[in-house]
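Every number here is computed from the coordinates shown, using simple stated rules; none is lab data. Since the model is a prediction, treat every value here as computed from it, not as a measurement. Virtual Cβ from ideal backbone geometry, glycine too; neighbours counted across all protein chains shown.
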Amino acid sequence: MGRTTGAAGASASETSAAEHSGPGKAQEVPTAQGAGEPKKPRRTRGAPRTHRWRRAFLAALITGAVVVPLSGATRPEAPAPAPAVVARVTAATLDEAYAANRANATEASRMAEAHGYGERAAADRAMADRSRHYLAFDGRGSGLATEVFGDLAHADRIAVLVPGSDTSIDTYGRFRDAARALHERLTREAPQGTRTAVVAWLGYETPGTVSTTVATPDRAEQAAPKLREFIRQLRALNSEPRISLLCHSYGSVVCGRAASRLDVDDIVLVGSPGTGADTVAALHTPARVWAARGSDDWVGEVPHIKIDLLGTTVGFGTDPVSPSFGARVFAAGDGGHSDYFRPGSTSLANMTRIVLGETPEVTR
């Protein structure tokens, strides 16, 4: 996730909502969707042997995530204050909540700086800017944040982004850029009189891409009640809008776990390894469920399995873009795992249409 720059087109092209492309992938500058993950090199035709090897390697990696724990990079445990105590947020108290959370980010920056965590201090300092609007901020550990773009209290259409692995305060800029890219396109294309808002919900501790947790539903099960509670709070703040949940990569596992008790209108799965459910019906949601994958997304090479190993569930089952799953599959163009929110992309155009309710215009 690249650092935020002035122009949306430039910043969002370095952004994302989610995760590293995993072992064996060439390192590239991450772009708008990948929350810090490098993009897989473009596939070349006439290389079936390479593809078979890659699939075998990924299957071994998934098994190894349980049987032989992998060593991932340790996330910094920078000191930070407890989250700001904010009374029940209403339309009338939104500005107070935003101010309290910015002040908390400022204090987190000071504490991190004082203890020698320079990079975390800089990240916290950027998040404390007066232009930022947070419903929640927690600088402890890998960090949590819920940032708002637009007039949340009066929006007619709200999109909530749920990120995938390796998203933290240290990589937050890229996730934020993905939300900004969507909000700017929504603002530009919304019919006259339609008000929109986007929420970047980093409300759970995401797994590391190279870790024992990324191939299991454990983090998603912990996150699901938090996502349900957030949507309930959002409805209490503004009961009128249509809400779309946009879930990237491991974030789609979180959305799948939470789906049965989410009061949302659309659930959009992009770059998804699976939801843990075999079919849309098994999600037990009245929401419309959409799915897309870019033709150069490495997730397409991951075996879509769900097995029990030593009492632990590994994998997430049916591929959400397969006909058997039953989602409304839409076009995502030729982008990779980090490209779903790239300005000008087919995927961003279609997600904008879904959020605005222009479903007949969504391309397949």
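Distant-in-sequence amide contacts of I267, defined by a placed amide H-H separation under 5 Å and a gap of 5 or more residues or a different chain, comprise L245, R288, V289, W290.
Using 0.36 nm times the number of residues separating H115 and T187, minus their current alpha carbon distance, what extension gain do you get? Could the numbers behind the result be given before it?
On the way: separation 72, 0.36 × 72 = 25.92 nm, distance 4.11 nm.
Working it through step by step, the gained length comes to 21.8 nm.
Distance between the pseudo-spin-label points of H284 and D151 (7 Å out from Cα toward the beta carbon): 3.9 nm.
You can think of it this way: the chain between E240 and S295 has 16.2 nm of extra reach, that is 0.36 nm per residue less the Cα-Cα gap. Inter-part distance, region 276-347 to region 80-97, computed on C-alpha centroids, equals 35 Å. Distance between the modelled labels on T93 and R232, one decimal in nanometres: 1.7 nm (7 Å Cα→Cβ projection).
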